Amino acid sequence: MPHNTPTLTPEQCDAFGAEMDALRQRIVADLGTEDAKYIRQVLRAQRVLEVTGRSLLFAGFLPPAWLGGVTALSLSKILDNMEIGHNVLHGQYDWLRDEALNSRTFEWDIVAPAELWKRSHNFGHHTYTNIVGKDRDIGYWILRVTPEQRWTPYYLGNPVYAALLSVIFQWGVMLHDLEAERVVSGEKGWDEVSADAKKMAAKALRQVAKDYLLFPALTGPLAPLTFAGNATANLVRNLWGFSIIFCGHFPDDVATFTEEEAANETRGQWYVRQLLGSANITGSRLFHLLSGNLSHQIEHHLFPDIPARRYPQIAEEVRDACRRYGLPYNTGPLHRQLGSVARKLIRLALPGSGPDDKHTGEPAAKTQAA
């Protein structure tokens, strides 16, 4: 928990929550043609980039064509996962009643099945955001990202595990959604694990067959180059997704909470927890687009079901409210946030106390338990 987190009275929490509710209602009431036009334009751009990328790989024996194909395919996969997939699966466009953009029917270009990801992420993470022992996304059960996680010698490999995870991020997300640790605790039975594993295996097989068998085979003698191009595009997407997600959740001064601190919280206190447990990344409009607007992770955690294109529009209002209530608004450029994450992973790999190793949750505890 950040050292400088202020204590809010119950009345202040309620007032902050009322402002956030009013902001949300105003945006929801304003949703319409422009939002539909935007997401459909992004969907068309993603499809054009995919077709362009795969077409260029048919001429992959020419280095510029191979590089152009990989670039277009990488951008296609990033848009599919970030601005389209993640946001559609949050139900941000369900109001359109468009099967192509509906959270119940959408499937994305990643090995993790959408159904299982929604269960783990939409419910687990967004309900219990940064509550140690409840939010499974804290360190993804393989990394130590907060001093509230008891140190063991295993965590000496913290930076190595993170580096490996960044390379195979889509596979890490898939395995994370299996919730294998719940089997050990008795919360999940083997029958359920087996059913989930079968869904994952089927989805992963389709993805592997598409990228590493079908499309390489279609290019005939250029199959090895196409294989390499698809693998590179997946790697680029993995590294990018890892960087954006980790910068939104694990830089310094992002708060974690105990179950006691979050018990019986009001709507306003829930908003405060979402705010303190998130961080933003500054950048250009293109940067925000390619991040799925998760560069506005604070706004996303406050309003996960509002179309992400709205986050830049409301960010200044949220920041102004934070100033008035004395709440921190954690934001900075990608290199600074990513550097902060890297330093934390290294620091928490070691036993003993770092600068943020002592839990300083008293201010938030008073806020959350009020």
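Taking each of 77/188; 118/188; 77/198 in turn, the alpha-carbon distance tops 28 angstrom for 77/188. Here the Karplus relation 6.51 cos²θ - 1.76 cosθ + 1.60, evaluated at θ = phi - 60°, turns the backbone of region 283-288 into coupling constants of x, 7, 4, 5, 4, 5 Hz, with x for every Gly and Pro. The residues of region 94-189 expose, per residue, 46 Å² of accessible area to a 1.4 Å probe. Less than 5 angstrom separates the built amide H of residue 331 from those of 280, all sequence-distant by 5 or more or on a different chain.
For the chain, which span is the longest to avoid every loop-located (per DSSP) member of GluC sites (Glu not before Pro) having at most 11 other Cβ atoms inside 10 Å? Please report the intermediate quantities before stating the final value.
Numbers: sites that count: 187, 259.
Longest site-free region, per DSSP loop and neighbour criteria: 1-186.
Of the residues 69, 145, 268, the one whose Cα sits farthest towards the positive end of the charge dipole of the chain is 69 (charges of +1 on Lys and Arg Cβ, -1 on Asp and Glu Cβ, taken about the Cα centre).
Across region 145-154, rounded Karplus estimates of 3J(HN,Hα) from the backbone phi angles (6.51 cos²θ - 1.76 cosθ + 1.60, θ = phi - 60°) give 10, 8, x, 5, 7, 4, 6, 9, x, 3 Hz, Gly and Pro being marked x. Residue 143 contributes about 0 Å² of solvent-accessible surface, heavy atoms of the protein only, 1.4 Å probe. When the square roots of the Cα gyration tensor eigenvalues are ordered a ≥ b ≥ c, the ratio a/c for region 17-142 is 1.5 or more and a/b does not exceed b/c, which makes its shape oblate.
Determine the dipole magnitude for region 16-143: charges of +1 sit on the beta-carbon of Lys and Arg, -1 on that of Asp and Glu, nothing else is charged, the reference point is the Cα centre, and the result goes in debye to the nearest 20.
Working: 14 positive and 16 negative charges, 41 e Å.
Here the size comes out at about 200 debye.
Pairs of Cα atoms nearer than 8 Å and 6+ residues apart set the relative contact order; for the chain it is 29 percent.
Find the relative contact order for region 272-353 and round it to a whole percent, using C-alpha pairs within less than 8 Å whose residues are 6+ positions apart. List each step's numbers first, then the result.
Values: 66 pairs, mean separation 27.1, N = 82.
The value is 33 percent.
Excluding same-chain neighbours fewer than eight residues apart, the aspartates and glutamates reachable from residue 199 by a Cα-Cα span under 17 Å are 107, 109, 115, 177, 179, 191.
Rolling a 1.4 Å probe over the protein heavy atoms of region 220-319, with every protein chain left in place, gives an accessible area that is 61 percent carbon and sulfur.
Amide H contacts under 5 Å for residue 255: 277, 278, restricted to partners 5 or more places along the chain or on a different chain, H placed in the peptide plane at 1.01 Å from N. Evaluated with a Cβ-only charge set (Lys, Arg +1; Asp, Glu -1), the chain carries a dipole of roughly 1020 debye about its Cα centre, given to the nearest 20.
Per-residue ellipticity at 222 nm for the chain, helices alone: DSSP H runs ≥ 4 residues times -39500 (n - 2.57), over residue total, nearest 500 deg cm²/dmol?
Values: 16 runs with 198 residues, N = 370.
Estimated from H runs of four or more residues: -16500 deg cm²/dmol.
The values are calculated or read from the model by the stated rules, or taken from the named source; none is laboratory data. Please read all numbers here as calculations on a predicted model, not as lab measurements. Glycine also receives a Cβ, built like all others from the backbone with ideal geometry; neighbour counts cover every protein chain displayed. Just the protein is used for accessible areas: all its heavy atoms, side chains included, with ligands, DNA and RNA removed. Shrake-Rupley method; radii C 1.70, N 1.55, O 1.52, S 1.80 Å.
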